[in-house]
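The values are calculated or read from the model by the stated rules, or taken from the named source; none is laboratory data. Bear in mind the structure is a predicted one, so any value in this text is a computation, not a measurement. Note: ideal-geometry Cβ built from the backbone for every residue, glycine included; neighbour counts use all protein chains shown. Note: accessible area is taken over every heavy atom of the protein model, side chains too, but ligands, DNA and RNA are not part of it. Shrake-Rupley method; radii C 1.70, N 1.55, O 1.52, S 1.80 Å.
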Amino acid sequence: MAAVPTPHTRCPTCSERGPWLGSPTAPFCSDRCKLIDFGRWANQSYTISEPLRPEHFREYEEIPDDLDPDEPESI
Ligand SMILES: [Zn+2]
């Protein structure tokens, strides 16, 4: 029985060729390249989402004093 050779592929991060498909970090050659690629992706999504600003919390600070949540509802 001839052993089936693992096809060599190119690492998306560093373009190194090797049998990466057989490794747990596939399609990357190493954990380092996998993390680098994930970091790029995460940075892109962070630029899309709006950062939290103080204005977003202001409405919660301006609850009127006469609002009493413990007051029973009048029927
Ligand atoms: Zn790599």
Note to self: Go through the stretch 16-26 and report how many residues are open to solvent by less than 60 Å² (accessible area, probe 1.4 Å) and within 23 Å of the chain's Cα centre (by Cα).
What the structure shows: 3
Checklist line | In the stretch 17-36, residue farthest from Pro7 (Cα to Cα) [restricted to those that are within 9 Å of the ligand (Cβ to nearest atom) and out of contact with any strand residue (DSSP E or B) (no Cβ under 9 Å at 6 or more places or on another chain)] | finding: Ile36
Check: Across the stretch 24-52, which residue is modelled with the highest pLDDT among those that are among the aliphatic types (A, V, I, L, M) and part of a loop (DSSP other than H, G, I, E, B)?
Finding: Ala26
Notebook entry, point to check: What's the number of the condition Leu67 fails, among (1) surrounded by 10 or more Cβ atoms within 10 Å (Cβ to Cβ); (2) at pLDDT below 70; (3) among the hydrophobic types (A, V, I, L, M, F, W, C)?
Noted result: (1)
